[in-house]
Amino acid sequence: MAVLAFPLAVAYESAGDLERAVPLYETTLARREHVLGETHPDTLTSRSNLAGAYESAGDLERAVPLYETTLAQRERVLGDTHPHTLASRDNLAHARRAAQAVQQPSTKAWKRPV
């Protein structure tokens with residue numbers, strides 16, 4: 001199951017089944033942290049994927065801290081201008097805007113460009 005957890009999580013998320021996807025992303029992250037360490041690039045990708053699943057599920061209280069951790073670690077490991085670091089910065093900004101929109105429902109929500 002260890003090898004299949006990540007692709008299965010992606011498939012569930014793509015199908016909109018976040019109840020099944022999130023636990024698999026959590027399992028994948030825990031395994032990668034244990035085997036590869038906190039700052040291995042694959043672990044950082046797993047952390048970002050889990051944050052994205054939390055965000056998709058509307059759980060911004062869990063998504064934002066994971067995005068923050070991922071960004072800080074990617075800056076340290078990959079550098080400020082690496083494409084994955086830039087993506088992490090964008091993901092965090094989007095999640096923070098979404099959280100702000102939830103806190104201030106009277107304002108227009110910002111939409112991510114397509």
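Taking the stated definitions as given, is HIS40 at pLDDT 95 or above, more than 26 Å from ASP17 (Cα to Cα) and open to solvent by 20 Å² or more (accessible area, probe 1.4 Å)?
So HIS40 fits the description; yes.
How many of the residues making up the range 67-97 are open to solvent by 30 Å² or more (accessible area, probe 1.4 Å) and in a helix (DSSP H, G or I)? First the steps, then the outcome.
Going residue by residue through the range 67-97, those that are open to solvent by 30 Å² or more (accessible area, probe 1.4 Å) are 68-69, 72, 75-78, 80-84, 86-87, 89-91, 93-94, 96-97.
So of that shortlist, the ones also in a helix (DSSP H, G or I) come out as 68-69, 72, 75-78, 83-84, 86-87, 89-91, 93-94, 96-97.
Count: 18.
State which residue is farthest from ALA51 (Cα to Cα) when the search covers only the range 1-23 and only residues that are in contact with a helix residue (DSSP H, G or I) (Cβ under 7 Å, 6 or more places away or on another chain) and open to solvent by 50 Å² or more (accessible area, probe 1.4 Å). Spell out how you get there, then give the answer.
To start, the set of residues in the range 1-23 that are in contact with a helix residue (DSSP H, G or I) (Cβ under 7 Å, 6 or more places away or on another chain) comprises 2, 5-6, 8-9, 12-13, 18, 20-22.
If we keep only those that are open to solvent by 50 Å² or more (accessible area, probe 1.4 Å) too, we end up with 2, 6, 8, 12-13, 20.
Details: ALA2: 20, PHE6: 14, LEU8: 17, TYR12: 15, GLU13: 12, ARG20: 15 Å.
Applying the filter and picking the extreme gives ALA2.
Quick check on GLU19: is it more than 19 Å from ASN91 (Cα to Cα) and not aliphatic (A, V, I, L, M)? Break it down stepwise before answering.
On the way: more than 19 Å from ASN91 (Cα to Cα): yes; not aliphatic (A, V, I, L, M): yes.
Criteria met by GLU19.
Quick one: what pairs do we get from the range 1-16, first residue at negative phi and aromatic (Phe, Trp, Tyr), second open to solvent by 60 Å² or more (accessible area, probe 1.4 Å) and at pLDDT 90 or above, C-beta under 8 Å, 6+ apart or different chains?
Matching pairs, first to second residue: TYR12/ARG20.
Which one of GLU61, GLU26 is modelled with pLDDT of 95 or more, among the charged types (D, E, K, R) and either open to solvent by less than 80 Å² (accessible area, probe 1.4 Å) or touching a Cys at 6+ places or on another chain (Cβ under 7 Å) (or both)? Working first, answer last.
On the way: GLU61 fails: either open to solvent by less than 80 Å² (accessible area, probe 1.4 Å) or touching a Cys at 6+ places or on another chain (Cβ under 7 Å) (or both).
Result of the check over GLU61, GLU26: GLU26.
The values are calculated or read from the model by the stated rules, or taken from the named source; none is laboratory data. Note that the coordinates shown come from a computational prediction; the quantities given were computed from them, not determined experimentally. Positions of Cβ are backbone-derived with ideal geometry, glycine not excepted, and every protein chain shown enters the neighbour counts. The protein model used for the area step is the full one, side chains on, heavy atoms only, and it has no ligands, DNA or RNA in it. Shrake-Rupley method; radii C 1.70, N 1.55, O 1.52, S 1.80 Å.
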